Amino acid sequence: MGCGRVGASLARALDRRGHEVAVVDQDELAFRRLGPQFGGRRVTGVGFDRDTLVAAGIERADALAAVSSGDNSNILTARVARETFGVETVVARIYDPARAEIYQRLGIPTVATVKWTSDQMLRRLLPEGALPAFTESSGKVVIAEVPVSPDWIGRRLTDLETASGARVAFVTRLGEGFVPHADTVHQEGDLVHLAIERARLREVEAILAAPPVAHH
């Protein structure tokens, strides 16, 4: 929902990966951003209008991204998708970071514009494993991006390793990847990619989704 620069690049990326995509925007001219290669549907209308969403195929949608230029429209659309149509995977883009917490409490994952990368949106939109993470030949070890609780912000990445028993392979910060050193501190918006035994993935996700345990 929303065919600005963000919506258009997200729609093209999903379309290129072979997903069935429908784009909703009030302004028909906005669809020009999709370009001639785009094979998905273009639906003109208000994103949070139920009839518009039905026309876009919401009733059989796996995921919805609300990325228009209005916070309220995005959150309304995300809520209608989840609460009315039962779409489990929804993500809303917001401009006002102060609102993020309220939306998170409603169970709507949000991406603040400042930190926005198509990578972050795609990660939240696609089911785990849909984007290629590295797997070594036996399949036992993977490099996977694992979500980290905001409570870890300001802590060294070596603390994450100690708590989880996994190794930080690399970090993506502001769209740039780098290999951390011993003193690298986890910052807001960082995407942390861990080298980990596949069998422990769920366990490690649970450890890092929780705040660090205080040691006295």
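Values quoted throughout were computed directly from the atomic coordinates according to the rules given, and no laboratory measurement underlies them. Fair warning: this is a prediction, and the values are worked out from it, not measured in the lab. Note that each Cβ is placed from the backbone with ideal geometry, even for glycine, and that neighbours are counted across all protein chains shown.
Some points to look at:
- Counting neighbouring beta carbons within 10 Å and listing from fewest to most, the residues L201, L53, L157 come out as L201, L157, L53.
- Computed Kirkwood radius, in angstrom, where 1/r is averaged over Cα pairs of the chain: 18.5 Å
- Mean-square fluctuations from a GNM of the chain, with a 10 angstrom spring cutoff on Cα atoms, peak among V54, V21, V90 at V54.
- Counting beta carbons within 10 Å around each of L10, L106, L76 and listing the fewest first gives the order L106, L76, L10.
- Comparing G139, G189, G39 in a Gaussian network model of the chain where C-alpha atoms under 10 Å apart are linked, the largest mean-square fluctuation is found at G139.
- In a reduced charge model with +1 at each Lys and Arg Cβ and -1 at each Asp and Glu Cβ, segment 1-68 shows a dipole moment near 340 debye about its Cα centre.
- Here S68, S137, S73 are placed in order of increasing Cβ neighbour count within 10 Å, fewest first, which gives S137, S73, S68.
- Listed residues P180, V142, L157: farthest to the positive end of the dipole of the chain (Cβ charges): V142
- Given +1 at the Cβ of Lys and Arg, -1 at the Cβ of Asp and Glu and no other charges, the dipole of the chain around its Cα centre is 340 debye to the nearest 20.
- Extension gain from A55 to Q37, taking 0.36 nm per residue of separation minus the Cα-Cα distance: 4.3 nm
- For the chain, the membrane-span-like helix rule (DSSP H, alpha carbon extent of at least 15 Å along the helix axis, mean Kyte-Doolittle at least -1.0) picks out 5-16; this says nothing about an actual membrane.
- GNM top mover of T162, T77, T89 - the chain, alpha-carbon springs below 10 Å: T162
- Extension gain from Q187 to R105, taking 0.36 nm per residue of separation minus the Cα-Cα distance: 27.3 nm
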